[in-house]
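The values are calculated or read from the model by the stated rules, or taken from the named source; none is laboratory data. Small disclaimer: the values here were computed from a predicted structure and weren't measured. Heads up, the Cβs are rebuilt from the backbone with ideal geometry, glycines too, and the neighbour counts pull from every protein chain shown. Ligands, DNA and RNA are excluded from the accessible area calculation, which covers all protein heavy atoms including side chains. Shrake-Rupley method; radii C 1.70, N 1.55, O 1.52, S 1.80 Å.
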Amino acid sequence: MIALLMRDLRLAVRAGGGFGLGLAFFLIVTVMVPFSVGPESDLLARIAPGVLWLGALLSCLLSLDRLLALDWEDGSLDLLATAPLPLEAVVSIKALAHWITTGLPLVLAAPVLGVLLNLPLAGFKWVVISLLLGTPALSVIGTFGAALTVGLKRGGLLLSLLVMPLYVPTLIFGAEAARRGAMGMAVETPLLMLAGISAGVIALMPFASAAVLRINLR
Amino acid sequence: MSLNVSDLRIARGGLPVLEGISFELTPGQALILRGPNGIGKTTLLRTIAGLQPPLGGTVSGGEDQIAYAAHSDGLKSALSVTENLRFWASVFGTQSIEPALKAYNLTGLRDRPAGALSAGQKRRLGLSRMMVTGRPIWVMDEPTVSLDQASVTLFANAVRAHLSAGGSALIATHIDLGLDATVLDVGPYKAAPLEFDDFDGGFL
């Protein structure tokens with residue numbers, strides 16, 4: 001399992017691996033928002049947590065179609081399915097590798113980009129905490145979407161449409177926790193819901209992903 | 001441990017392609033599958049490797065014993081020859097990749113990225129993966145595609161060494177490997193076409 005994780009991380013940082021794609025997209029979204037809504041620092045401060053969350057979610061979505069499709073194309077998914085690793089472990093590791101290469105950089109970049117959006121000082125901590133709790137759910141749900149569309153050529157459109165509704169609860173509670181934190185309100189309820197969603201999908205989604213992958217590999 | 005296939009009936013895309021296939025593969029034995037294109041050799045091998053369920057019949061004795069080599073080699077072009085091989089070695093829990101490199105004459109290419117290999121060299125790397133799996137039953141789908149004559153000999157020698165070490169091999173191929181092997185022609189086992197008399201049949 002560690003070998004698979006190391007291989008995926010190594011592939012991500014080598015040429016053509018797509019590492020940094022999500023991060024660059026996140027940067028572009030958050031830099032462009034102040035230009036598009038105009039120089040009103042009050043308004044920016046109010047929407048900053050939501051914009052950061054939306055940017056993180058879209059950046060995550062952007063890299064999903066490579067998650068399993070590359071392994072499918074070169075045949076290594078077939079070979080992994082006949083290897084001693086259970087497919088549940090394969091998809092979990094794939095999701096973990098996706099989180100490390102996409103989700104974690106987003107979490108680390110969010111406070112820096114928060115400055116550009118005039119994020120209130122109290123909000124920095126909660127944006128980072130909510131993203132840290134929420135982005136693993138995005139990767140795990142995204143892996144399920146990638147497993148559903150793995151056999152399709154150019155399945156990116158279908159993948160986005162399938163995954164979007166599943167991302168909604170994470171986005172609602174994540175952005176709400178960050179917004180409340182920035183406003184200085186109590187954050188416990190949305191944060192607990194967010195943590196609950198993440199814990200739930202991490203525990204259950206790998207089984208669903210492995211099941212649809214088995215069907216897709218036939 | 002021998003592989004038992006009895007009265008196997010398999011389908012591709014919901015349509016039966018082969019039926020009534022039975023054979024036994026004992027340690028030390030090689031079985032060559034022959035048959036025209038599209039008859040279902042790949043489907044048969046995928047079913048035996050456990051990638052798809054059979055329509056009927058059973059495959060037994062293959063659980064966690066089979067190493068499967070498909071049409072594509074599953075190589076990552078950004079990784080070097082040794083990195084590719086070492087990855088599969090650790091997935092299968094084996095240690096040494098040197099015998100595999102040596103058997104397929106890849107030692108000179110060990111640090112070359114797989115993307116910079118020729119088609120035949122890639123194939124040799126894909127085949128050397130079978131040696132690092134450490135599994136007794138090799139199931140291989142057209143392993144000699146894009147190999148030159150010398151490499152085919154290397155491959156035949158590797159299979160021979162595997163057989164004499166108590167392994168077995170199931171190989172779908174169109175060429176003569178010069179192995180002392182049983183040949184199974186799957187042509188006569190072609191499944192009878194389905195009768196499309198219901199509404200659903202129109203979609204198959």
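Note down the relative contact order for chain A as a percent, whole number, built from C-alpha pairs under 8 angstrom at least six residues apart. RCO, chain A: 27 percent. In the full protein context, the protein assembly as shown carries 44 Å² of accessible surface per residue, based on a 1.4 Å probe and ignoring ligands, DNA and RNA. Normalised radius of gyration (Cα atoms, divided by 2.2 N^0.38 Å) for segment A:14-173: 1.11. If exposed means no more than 12 neighbouring beta carbons inside 10 Å and the site is in a DSSP loop, what's the longest run of chain B without any exposed chymotrypsin sites (Phe, Trp or Tyr not before Pro)? Between exposed loop sites, the widest span is B:1-195.
The alpha-carbon atoms of segment B:51-127, seen along their principal axes, cover 46, 25, 20 angstrom, with the largest extent given first. At most 13 other C-beta atoms within 10 Å and a DSSP loop state: those are the exposed GluC sites (Glu not before Pro) I care about. Give me the longest piece of chain B that has none. Result for the longest clean stretch: B:64-194.
Both chains summed, the buried accessible area for A and B stands near 2000 Å², from protein heavy atoms and a 1.4 Å probe. In loop segments of segment B:109-204 as defined by DSSP, the trypsin sites (Lys or Arg not before Pro) with at most 16 further C-beta atoms inside 10 Å of their C-beta are B:R110. Listed by chain and number, the lysines whose C-alpha is less than 29 Å from the C-alpha of B:K190, apart from same-chain residues fewer than 8 away, are B:K41. Take every Cα pair under 8 Å whose residues are at least 6 apart in sequence, average their separation, divide by the length of segment A:65-178, and the relative contact order is 35 percent. Charged side chains reduced to their Cβ positions (Lys and Arg at +1, Asp and Glu at -1) give segment B:77-171 a dipole of some 100 debye around its Cα centre.
Distant-in-sequence amide contacts of B:G28, defined by a placed amide H-H separation under 5 Å and a gap of 5 or more residues or a different chain, comprise B:G166, B:G167, B:S168. Roughly how many Å is it from the Cα centre of segment B:1-53 to that of segment A:114-146, as a whole number? Between the Cα centre of segment B:1-53 and that of segment A:114-146, the gap is 49 Å. Computed from backbone phi, the HN-Hα couplings of segment B:126-132 come to x, 6, 5, 4, 4, 6, 7 Hz, rounded to whole numbers (Karplus: 6.51 cos²θ - 1.76 cosθ + 1.60, θ = phi - 60°; Gly and Pro given as x). Across segment B:1-55, Cα-Cα pairs more than 19 Å apart make up 25 percent of the total. Mean projected area of the Cα convex hull of the protein assembly as shown, taken over all directions, amounts to 23.5 nm². Rolling a 1.4 Å probe over the protein heavy atoms of the protein assembly as shown, with every protein chain left in place, gives an accessible area that is 63 percent carbon and sulfur. Amide H to amide H, with H built 1.01 Å from N, B:R9 comes under 5 Å of B:G20, B:L55, B:G56, B:G57, counting only residues 5 or more places away or on other chains. Inter-chain neighbour count for B:72-82: the average number of beta-carbon atoms from partner chains within 10 Å of each residue's beta-carbon is 5. The mean sequence separation of alpha-carbon pairs under 8 Å and at least six residues apart, normalised by the residue count of chain B, gives a relative contact order of 31 percent. Using Cβ point charges alone (K and R +1, D and E -1), the dipole size of chain B about the Cα centre works out to roughly 900 debye.
Taking the three principal axes of the alpha carbon atoms in segment B:50-194, the coordinate ranges are 51, 33, 32 Å, sorted in descending order.
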